[in-house]
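Some notes on the structure that comes next.
The values are calculated or read from the model by the stated rules, or taken from the named source; none is laboratory data. The structure displayed is predicted, hence computed values, not measured ones. Quick reminder, even Gly has a Cβ in these numbers, built from the backbone with ideal geometry, and neighbours come from all protein chains shown. We work out accessible area using only protein heavy atoms, side chains counted, and drop any ligands, DNA or RNA first. Shrake-Rupley method; radii C 1.70, N 1.55, O 1.52, S 1.80 Å.
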Amino acid sequence: MTEADRIFERFPDFIREYIYSHSWESLREVQIAAAKSIFETENNLLLTSSTASGKTEAAFFPILSLLHEDPSASVGVLYIAPLKSLINDQFERLEELLDMTGVKVTHWHGDVAMSHKKRLLEKPSGILQITPESLEAMLINRSNDIPRLFGDLRFIVIDEIHTLTGTDRGNQIICQLSRIAHLIGYHPRRIGLSATIGDPSLAAEWLCADSGRGIDTPSLPQEKIRWRLGLEHFYIQNPEIETPAEKKEKESATAADSYDNVKQKKPYTVDPGYEYIYDCVKDKKSLVFSNSREETEYICATLRQIASLRQDDDRHILIHHGNLSASLREEAEMKMRNDEDHAITCATVTMELGIDIGRLERVVQIEAPNTVSSFLQRLGRSGRRGDPPEMMMVFREEDPLPNTPLPQLIPWELLRGIAIIQLYIEERFIEPPQRKQLPFSLLFHQTLSVLASSGELTAKRLAHRVLSLPPFKAVSDEDYKTLLVSMLNNDFIEMTEEKGLIVGLSGERLLKSFKFYAVFKDSEDFTVRCGSDEIGTITTPPPVGDRFALAGRVWEVEELDIQHKLVYVKKVDGKMEISWPGDFGEIHTKILKRMKQILAEDTIYPYLKENAVKRLIQARKTARNTGMLEHSLVHLGGYSWCLFPWLGTRSFRTLRKFIQRNSKDNNISGIEFEGCYYITFKMEKVTDLNFITHLLNRVERDGIDRYALVENGEIPVFEKYDNYVPYDLLRKAYAADKLRSDEAEEQVRKIFEEY
């Protein structure tokens with residue numbers, strides 16, 4: 001008997017019938033590996049395999065088998081997912097599997113009726129699917145009920161963990177699991193699911209934190225890459241480039257009605273890049289991904305405009321992102337599931353996760369994603385049911401003028417798209433999970449949450465209870481004391497006559513709102529002003545000195561008025577990637593290094609379309625002729641210089657701030673930058689590069705002090721409760737979690753060696 005047969009025989013009849021009804025010829029590798037771990041060990045389990053590989057069934061087949069053999073006296077399985085839509089989708093899939101069993105499934109989040117929840121409260125059993133926010137509410141408001149609800153909890157399943165590791169929301173879940181374990185007296189087994197984990201050992205460490213259990217991370221055979229992939233490039237409003245629709249018109253034009261006449265009849269209103277996207281998705285069930293909500297709104301409106309001009313029906317062009325109402329998101333999901341509709345949905349990361357939308361024919365990505373992980377998630381939305389995944393990346397940029405500066409002659413987005421693809425093809429590289437060292441915003445939140453659920457605690461007991469939670473292991477007693485004193489002074493907590501701590505009046509006001517349960521920011525936008533002009537709104541204010549795109553222009557933050565939710569900016573020249581401030585999509589250094597290699601090598605990658613090949617060849621000529629591949633520091637003429645560090649976001653930010661801090665000593669001025677691609681500046685002594693020696697001496701003597709790089713006037717507010725955290729603690733968190741000195745120091749040494 002093979003291992004697969006042995007596992008299959010262990011499954012109860014209802015699971016075997018489910019497998020037969022879905023015409024599965026054999027169990028998949030991931031399902032065999034999961035069953036072995038769950039049946040034969042008491043370990044936690046991390047399952048990482050490609051999208052649509054059957055991870056959910058792999059986890060739940062053996063879990064349900066064990067529950068069938070030995071029913072739980074309370075909720076037996078706690079399933080935590082980052083999106084309500086993902087919970088709703090998985091609930092439907094599990095209902096089908098559980099139709100003939102006695103195991104109940106309850107989904108619990110803000111859109112679920114209270115009557116549905118009451119049934120679980122009255123008789124806790126089966127599987128509970130829940131969001132982190134609803135679980136937080138349960139811990140605060142039903143703390144005494146936790147032992148009854150979860151007293152015989154066997155498994156905790158966390159889905160899409162790649163979206164959670166290194167975030168406050170993910171660390172909130174780890175806090176919740178530790179608090180539940182404290183209340184029920186033991187740690188249930190944990191199972192993490194994801195299609196894109198770069199370093200399984202780091203993800204396993206995060207998943208296992210404080211559980212006292214070992215973990216299995218099955219090494220599954222790498223699947224052969226089967227992609228339909230294309231990258232195409234357009235200059236904005238370039239009439240020389242034909243779109244697919246124009247080519248079709250040209251081919252079908254008769255002698256009496258020449259193509260030139262056909263083209264003249266066309267009402268040309270949008271640039272060819274957007275027309276190309278429209279023709280890519282027309283009559284195909286498709287997702288159109290972009291990297292921001294602004295761009296998603298714009299592309300949706302543009303596709304509808306093109307449909308109207310061509311007299312096509314635009315009702316099937318949909319939109320899906322986090323700022324939309326639940327009903328609109330659900331409408332898009334429902335229409336996408338309907339295989340009869342050629343629905344086209346313009347989406348952000350909200351459609352990146354494993355929501356079932358049926359067989360998707362094509363994915364279009366506008367510009368490049370920030371990460372290999374995001375690329376794989378988005379590509380994996382298509383090509384299910386045996387077909388290879390299919391994606392078209394479309395890049396658009398302004399046609400450069402003769403006097404365009406060197407750094408703006410390089411197609412950074414196109415290079416990043418190629419680098420992301422090549423890194424996965426060549427190395428199977430995926431970014432490793434990030435780890436937050438000093439999550440002070442979450443620390444503030446959990447302090448209030450623990451006090452609200454526990455009642456009065458002494459400062460010592462509160463500190464022990466909170467600082468023992470895994471995400472806060474790097475927080476010192478002294479820093480926590482600083483936070484508690486601040487919370488006392490601002491009435492978030494108060495001290496009783498018996499010297500105990502309880503929630504204060506300001507804390508009560510926060511706790512009264514359902515928004516408290518979430519550790520991500522609410523959609524209470526900040527207004528952006530340039531002088532007396534109102535520019536628009538953003539969700540999260542960047543730090544002073546950082547830049548962002550809004551209303552088609554680039555702005556640099558000059559001042560933050562947190563209390564009145566105002567961001568004062570000045571307009572700066574140039575352009576930059578559109579991003580929703582607060583997302584701060586980080587790019588890994590390996591991607592930048594591979595981008596440099598792309599410029600240096602001669603390979604013409606098979607997935608590049610005609611225009612993209614031409615643009616890459618042109619960029620390679622520019623890079624080689626200017627010496628930017630041999631020298632990180634390039635003279636642009638006169639007093640102007642450009643530095644190409646080839647560093648990822650955190651290291652680039654660190655080097656930039658280090659140069660700014662030492663600029664006065666070296667007569668450097670006018671420092672400008674774009675993304676993490678280049679830094680330009682003015683240096684009066686054109687032939688004197690003493691400043692490189694100066695930087696190197698600083699590095700060799702003291703290293704780069706990250707804390708010293710956070711200016712006194714800078715308020716690094718990123719997370720939801722940072723406004724309530726003392727400034728000195730925010731500086732420490734910014735230095736620890738947003739800056740990286742080792743790669744920046746190495747780059748300074750490299751620049752010195754080049755000269």
Which one of 3, 25, 57 is of a type in the set (Asp, Glu), farther than 20 Å from residue 79 by Cα and in contact (Cβ under 8 Å) with a residue 24 or more places away in the chain? 3
Residue set 628, 595; condition in contact with a Cys (Cβ under 9 Å, 6 or more places away or on another chain) and not in a strand (DSSP E or B); output residue 628
Residue check, residue 606 assigned to a loop (DSSP other than H, G, I, E, B), at pLDDT 95 or above, within 30 Å of the chain's Cα centre (by Cα) and not basic (Lys, Arg): yes
Would you call residue 576 in contact with a helix residue (DSSP H, G or I) (Cβ under 7 Å, 6 or more places away or on another chain) and either among the hydrophobic types (A, V, I, L, M, F, W, C) or at pLDDT below 75 (or both)? no
I'd like the full set of residues that are at pLDDT 85 or above and of a type in the set (Asp, Glu), limited to the range 675-709. 700, 702, 705
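Tell me, which residue of the range 405-420 that is open to solvent by 30 Å² or more (accessible area, probe 1.4 Å) and not in a loop (DSSP other than H, G, I, E, B) is nearest to residue 587 (Cα to Cα)? Steps first, please.
Going through the range 405-420, the residues open to solvent by 30 Å² or more (accessible area, probe 1.4 Å) turn out to be 405, 408-409, 413.
When the remaining residues are screened for being not in a loop (DSSP other than H, G, I, E, B), the result is 408-409, 413.
Numbers: 408: 19, 409: 21, 413: 12 Å.
It comes out as 413.
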List every residue pair whose Cβ atoms sit under 6 Å apart, with the two residues 6 or more apart in sequence or on different chains, where the first one lies in the range 275-291 and is under 22 Å from residue 377 (Cα atoms) and the second, anywhere, is among the acidic types (Asp, Glu) and surrounded by fewer than 22 Cβ atoms within 10 Å (Cβ to Cβ). 284/361; 285/361
Is it the case that some residue within the range 738-752 is of a type outside the set (Gly, Ala, Ser), under 31 Å from the mean Cα position of the chain (by Cα), under 30 Å from residue 507 (Cα atoms) and open to solvent by 10 Å² or more (accessible area, probe 1.4 Å)? yes
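Go through the range 1-45 and tell me which helices (runs of 4 or more DSSP H), entirely inside it, have 2 or more residues that are open to solvent by 40 Å² or more (accessible area, probe 1.4 Å), closer than 13 Å to residue 61 by Cβ and not basic (Lys, Arg).
Details: elements: 3-10, 13-21, 29-40.
Filter on the range 1-45 gives 13-21.
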List every residue pair whose Cβ atoms lie under 6 Å apart, where the two residues are 6 or more positions apart in sequence or sit on different chains, the first residue falls within the range 640-666 and is without any contact (Cβ under 8 Å) to a residue 24 or more places away in the chain and closer than 18 Å to residue 702 by Cα, and the second residue, located anywhere, is part of a strand (DSSP E or B) and not β-branched (Val, Ile, Thr). 656/673
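Residue by residue, here is whether (1) surrounded by fewer than 18 Cβ atoms within 10 Å (Cβ to Cβ); (2) modelled with pLDDT under 80; (3) closer than 18 Å to residue 446 by Cβ holds:
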| site | (1), (2), (3) |
| --- | --- |
| 496 | yes, no, no |
| 503 | no, no, yes |
| 506 | yes, no, yes |
| 517 | no, no, yes |
| 521 | no, yes, yes |
| 532 | yes, yes, no |
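Here is a check on your reading of the model: is residue 423 open to solvent by less than 10 Å² (accessible area, probe 1.4 Å) and either of a type outside the set (A, V, I, L, M, F, W, C) or part of a helix (DSSP H, G or I) (or both)? Before the answer, list the steps.
Details: open to solvent by less than 10 Å² (accessible area, probe 1.4 Å): yes; either of a type outside the set (A, V, I, L, M, F, W, C) or part of a helix (DSSP H, G or I) (or both): yes.
Yes; evaluated as a whole, the condition is true for this residue.
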Where residue 17 falls short, out of the listed (1) without any contact (Cβ under 8 Å) to a residue 60 or more places away in the chain; (2) over 21 Å from residue 218 (Cβ atoms): (1)
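Hey, does the range 52-67 have a residue that's assigned to a strand (DSSP E or B), surrounded by 19 or more Cβ atoms within 10 Å (Cβ to Cβ), under 24 Å from the mean Cα position of the chain (by Cα) and modelled with pLDDT under 95? It would help to see each step written out before you state the result.
Looking only at the range 52-67, we keep the residues that are assigned to a strand (DSSP E or B), and these are none.
Scanning the range 52-67, I find no residue that is assigned to a strand (DSSP E or B), surrounded by 19 or more Cβ atoms within 10 Å (Cβ to Cβ), under 24 Å from the mean Cα position of the chain (by Cα) and modelled with pLDDT under 95, so the answer is no.
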Restrict the check to the range 368-379 and report whether at least one residue is part of a loop (DSSP other than H, G, I, E, B) and basic (Lys, Arg). no
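Hey, among 139, 183, which residue is open to solvent by less than 10 Å² (accessible area, probe 1.4 Å) and either touching a helix residue (DSSP H, G or I) at 6+ places or on another chain (Cβ under 9 Å) or not in a helix (DSSP H, G or I) (or both)?
Numbers: 183 fails: open to solvent by less than 10 Å² (accessible area, probe 1.4 Å).
From the options 139, 183, the qualifying one is 139.
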Confirm whether residue 693 is hydroxyl-bearing (Ser, Thr, Tyr) and open to solvent by 50 Å² or more (accessible area, probe 1.4 Å). yes
So residue 375 clears everything in (1) in contact (Cβ under 8 Å) with a residue 60 or more places away in the chain; (2) open to solvent by less than 30 Å² (accessible area, probe 1.4 Å); (3) within 27 Å of residue 330 (Cα to Cα); (4) touching a helix residue (DSSP H, G or I) at 6+ places or on another chain (Cβ under 8 Å) except one condition, right? Which one? (1)
Residue check for residue 447: among the β-branched types (Val, Ile, Thr), more than 20 Å from the chain's Cα centre (by Cα) and closer than 30 Å to residue 500 by Cβ: yes
State whether one or more residues within the range 290-302 are of a type in the set (Gly, Ala, Ser), open to solvent by less than 40 Å² (accessible area, probe 1.4 Å) and under 20 Å from residue 399 (Cβ atoms). no
Could you grab the pairs with beta carbons closer than 7 Å, sequence gap of 6+ or different chains, first residue in the range 107-119 and of a type in the set (D, E, K, R), second one open to solvent by 40 Å² or more (accessible area, probe 1.4 Å)? 111/84
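State whether one or more residues within the range 159-167 are part of a helix (DSSP H, G or I) and either in contact with a Pro (Cβ under 6 Å, 6 or more places away or on another chain) or open to solvent by 20 Å² or more (accessible area, probe 1.4 Å) (or both).
Quick first cut of the range 159-167, residues part of a helix (DSSP H, G or I) only: 161-163.
Among the residues that remain, those that are also either in contact with a Pro (Cβ under 6 Å, 6 or more places away or on another chain) or open to solvent by 20 Å² or more (accessible area, probe 1.4 Å) (or both) are: 162-163.
Yes, the range 159-167 has at least one match.
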Do we find that residue 664 is among the basic types (Lys, Arg) and touching a Lys or Arg at 6+ places or on another chain (Cβ under 8 Å) in this structure? no
